[in-house]
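A short write-up of the structure that comes next.
Just so it is clear, none of the values below were taken in a lab; they were calculated from the coordinates. Computed from a prediction, not measured in an experiment: that's the story for all the values here. Cβ sites come from the backbone with ideal geometry, for glycine too, and all protein chains shown count toward neighbours.
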Amino acid sequence: MRELYTIRFTALRLSREWIVLLLLFGVPIVLVTLFSVILADIEYMGVSAVDETNVLMVLAFQLFGGTVAMNYIYLDFFTERRYRIQSLPINTSLYGFTLMLLGTLYSILLGAILVGYSTLVWDVNWGNIPWSIFIITLMALLSSIICLLLTFSVKKFSIAERLSEVYGIGAILLAGLFFPMPDNAVINWVNEYVNPIALAYEAVDAYRNANVEDAWMNAGLLGGLIVITFVIMLLLGRRRMP
Amino acid sequence: MTIFTFALKRIFRDKSNLASLTLFPIAAIFLPANDNWPLLPYGYQFFGVLILFVAIRLTGLLIDDRQKGVVKRLAAAPVTHFQYLFQNLLAFSVIVIAQCILVIAGGVMYGNELYEPLWLLVLFLVFSFTAIAFTLAWNTLYRNKETSFLIFMAVIMIIAMLGGLILPVDMLPDTLEKIAVIFPTYWLAEGIEWVVLGENIGDFLLINGVLLLYALLFLIIGSIRRIG
């Protein structure tokens, strides 16, 4: 149980990371506020632009939540600090999982606060809030797993960091948030079955429109991605973790 | 020009730098256009954002030099601080100039509707100098390259949006529309609008003049901190 005791210290460590807080919380708050002011009263195909943009914005920032777990695993297991960690009377693998768990919980917490802020202050319609937080949880978990998978797959951590940015920005680009993507069969397939942000938005939107079956299907696809990437991460992690 | 040569070598030695400096501008050429807004294809509308990213990556080398004590050692070398700064900035400028030429020439050859490609090139070049000066000044605030880069990423998103690169400035509320004028990105967006719709050359000169004034101001701020 000593491993669980470390959670408190990891949480303290996290609370001092003000840059993470700025990037994963400060920036989305500013953007949600700006978009809510700018897009008020604009509707596109029957959907309020404020609702659509803000839901996508909050979900998009979940794609980068995995960087917390990624950085802590790297610092504690792949730098000189690993010798200190290994000399502790704890199960280091379990400690690694607590780091991942806390990074994911932190991302979920920030996401949930953003959902609350956008709902209470700007009246953004999330449909069912517990369901939206469940989808945010899936997104945060997937992001942590993918970031760790990247950490274990390449030798240089800086490359893993760049790849995690490619994952986040690539998903946003493919979902057509910056500009409309061409009507291509491959891009459509990726957005329908693989792209986490497109799946998460569809899940939230379907539940909002009382299309529960569709919502569960998209959440199930996200769950499937989590299972597949988790298995790959475990296999790679067992090889790479000291 | 030893420092200039080494600055170029340092930049191109980093493979991720090399990829971002070449692949992203090429990708920008092939991005689609929209019917109403933006007036130019997306790659050209967002090119200013890319220039800011490139500029912060390039000028980050100077923070590295401060961190590693290179600037202190330079004080003992037969090189003036002006030569060090000038040659580094020249190397960064050469890279962004090459990128701007690549994007405009590539766009013309690909058949993108750029209206006045030469004026657009001038605008992008002037904005590139402003971006380099801005990031130089920004970096003087930090001791760590990564911290500077991460916070600047957040700043880029906000100034790009408020400046009118992501959304038209007309959509902003009146107060924000007035505040937008203080961001260099606003003048870039105005410049792009001039390239597409403008007639009076005086307006274009004013836009570039403001950008150059910003460049001069940031250059002065950025070159004050010598050793740190």
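Side notes on the structure shown:
- Computed over segment A:130-242, Kirkwood Rh from alpha-carbon pairs, angstrom: 15.0
- The angle between the Cα long axis of helix A:212-240 and the main principal axis of chain A comes to about 20°, on a 0 to 90 degree scale.
- Qualifying aspartates and glutamates (Cα of each under 13 Å from Cα of residue B:178; at least 8 residues distant if same chain): B:170
- Over segment B:3-224, relative contact order from alpha-carbon pairs under 8 Å, at least 6 apart, %: 25
- For segment B:111-228, the equivalent ellipsoid built from the Cα gyration tensor has semi-axes of 27, 17, 13 Å, listed from largest to smallest.
- Here each label is just a point 7 Å from Cα along the line to Cβ, and for residue A:87 and residue A:179 those points are 5.5 nm apart.
- Sequence-distant contacts, meaning Cα pairs under 8 Å at least 6 residues apart, place the relative contact order of chain A at 22 percent.
- Packing around the peptides B:90-101, A:180-191, taken as the average count of other Cβ atoms within 10 Å per residue, puts them in this order, highest first: B:90-101, A:180-191.
- Taking the number of Cβ atoms within 10 Å of each Cβ as an exposure proxy, the fewest-first ranking of A:123, B:65 is A:123, B:65.
- Spin-label proximity, residue A:156 to segment B:15-49 - amide N less than 13 Å from point 7 Å beyond Cα toward beta carbon: B:15-20
- Dividing the helix sum by the residues of chain A, where each DSSP H run of 4 or more adds -39500 (n - 2.57), gives a mean residue ellipticity at 222 nm of -25500 deg cm²/dmol.
- Stokes-Einstein diffusion coefficient of segment B:1-159, Kirkwood radius over Cα pairs, 25 °C, 0.890 mPa s, in µm²/s: 147
- Debye, to nearest 20: dipole size of the protein assembly as shown, +1 on Lys, Arg Cβ, -1 on Asp, Glu Cβ: 3420
- Here, chain A yields an orientationally averaged convex hull projection of 13.9 nm² when only Cα atoms define the hull.
- The trypsin sites (Lys or Arg not before Pro) of segment A:82-173 that meet both conditions, a loop assignment by DSSP and at most 13 other Cβ atoms within 10 Å of the site Cβ, are A:155, A:156.
- Exposure proxy order (Cβ contacts within 10 Å, fewest to most) of A:107, A:158, A:118: A:158, A:118, A:107
- q = 0.12 Å⁻¹: log10 I(q)/I(0) that the Debye formula gives for the protein assembly as shown, counting C-alpha atoms only: -1.19
- Flagged links, alpha-carbon separation over 25 Å, of B:15/B:72; A:156/B:72; B:15/B:68: B:15/B:72; A:156/B:72
- For segment A:1-89: relative contact order, % (alpha-carbon pairs under 8 angstrom, 6 or more apart): 20
- Which of A:208, A:240 has the fewest Cβ neighbours within 10 Å, and the rest in rising order: A:240, A:208
- Counting only alpha carbon atoms, the long axis of helix A:2-15 and the longest principal axis of chain A meet at about 50°.
- Applying the criteria of a DSSP loop state and at most 10 other Cβ atoms within 10 Å to the trypsin sites (Lys or Arg not before Pro) of segment A:1-44 yields A:16.
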